[in-house]
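Please read the structure below before turning to the comments.
The values are calculated or read from the model by the stated rules, or taken from the named source; none is laboratory data. Just so you know, these numbers come straight off a predicted model, no measurement behind them. Every residue, glycine among them, receives a Cβ derived from its backbone with ideal geometry; neighbour counts consider all protein chains shown. For accessibility, only protein heavy atoms count, side chains too; no ligands or nucleic acids. Shrake-Rupley method; radii C 1.70, N 1.55, O 1.52, S 1.80 Å.
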Amino acid sequence: MDARKLQILGAIVEDYVSTREPVGSKSLLERHELGVSAATVRNDMSVLEEEGLIHQPHTSAGRVPTDKGYRAFVDHVATVKPLSAPERRAIQRLLEESTDVEELLARTVRLMAQLTHQVAMVQYPARRQARIRHVELVKVADSLLLVVQILESGRVDQRTIPVLSAQPGEFYADLRDVVNRATAGREVTAIAQPLADLVDSRPPAERGAVLEVAEALTEMAAGRAEDRIMMAGTANLARSAGDFAQDVEPLLDVLEEQLVLLRLFTEMHVRPGDVEVRIGSELRDRALVQASVVGAGYGSGSHLAILGPTRMDYVSGISTVQAIARYVSRYLE
């Protein structure tokens, strides 16, 4: 495709993103300095339509981009727009104030959602994902035990469990030290076997009580291992509901379930700071056929992204996601 047609395609995408209205040749000439006649613009628009890059939603209307048109725009027209100095300072200040990884990610998703007006998602850092810092065991009643699991991120999980094989408080104080030697510093996905070995190593009279603690910790760890995506800005979907021909409820179900999102992150192959854009059918899920994802790598094998309608501001989205990914990578070094 020649440069002029790409320029016209870019103008159509920009106008449709900003107005939500089909774009005609007259409005293109009024809003953009294309340097060609109205007849040339109409002819080029006809070619773009024949190539499946734009389409006419109904008779006498202007044109709107197709998924193929958005893809051509992202690949050949869109350029990364540097963030303004105030935007850069705001990002840097907000992230620098984070006290741990958990808070850093929470601030990151909120910031992306605010800047892009889309749904923001962050995958938990692979190398820092849910490691055990400390386990505490507190007997709170004759048959109740408080099990506390503290992660290196600062996250605290706790559960009060009924104990059938109750032991004195001193027993659980000693067991706490043994459990910490077996689990401290390990990822939550890697504590099941050490705890099983611990149960087997105890005298038969103690195994029932140790097993109750081991099972509680394993269940708590499994729940934390699944908590791998932080999200913010789902309310932005309601503001852009008119961009989805179907009800947004299936899309909200996808966001809540997270399995599809984990698959999307797994399929991304971008280095820290690089950006990948997937549009409509490229997301391979019926609930996402009218959505797009702009994602970037950060840290070591982890990703962050925004999700919104195909009619999103790709230039701003790509710039913001790329910049934030680079800032987050820097703070995780």
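Points worth noting:
- Every residue from the stretch 136-161 that is more than 30 Å from Glu102 (Cβ to Cβ) and either of a type in the set (Gly, Ala, Ser) or assigned to a strand (DSSP E or B) (or both): Ala141, Ser143
- Of the set (1) surrounded by 18 or more Cβ atoms within 10 Å (Cβ to Cβ); (2) modelled with pLDDT of 80 or more, all apply to Pro125 but (2).
- Among the conditions (1) in contact with a Ser or Thr (Cβ under 8 Å, 6 or more places away or on another chain); (2) small (Gly, Ala, Ser); (3) within 28 Å of Val275 (Cα to Cα), Gly62 misses just one, which is (3).
- Search result, residues across the stretch 178-191 that are assigned to a helix (DSSP H, G or I) and surrounded by 16 or more Cβ atoms within 10 Å (Cβ to Cβ): Val179, Asn180, Ala182, Thr183, Val188
- Scope the stretch 53-98; condition among the β-branched types (Val, Ile, Thr) and closer than 26 Å to Val109 by Cα; matching residues: Val74, Thr79, Val80, Ile91
- Cβ-Cβ under 6 Å pairs, at least 6 apart or on other chains, the stretch 5-33 side among the small types (Gly, Ala, Ser), far side open to solvent by 60 Å² or more (accessible area, probe 1.4 Å): Ser25/Arg42
- When the stretch 65-115 is filtered for residues that are open to solvent by 60 Å² or more (accessible area, probe 1.4 Å), closer than 30 Å to Met1 by Cβ and assigned to a helix (DSSP H, G or I), the ones remaining, listed by number, are Lys68, Asp75, His76.
- Residues that are among the hydrophobic types (A, V, I, L, M, F, W, C) and in a helix (DSSP H, G or I) within the stretch 307-322 comprise Val315, Ile318, Val321, listed in sequence order.
- Count of the stretch 1-27 residues which are part of a helix (DSSP H, G or I) and either over 12 Å from Asp44 (Cα atoms) or of a type in the set (Gly, Ala, Ser) (or both): 13
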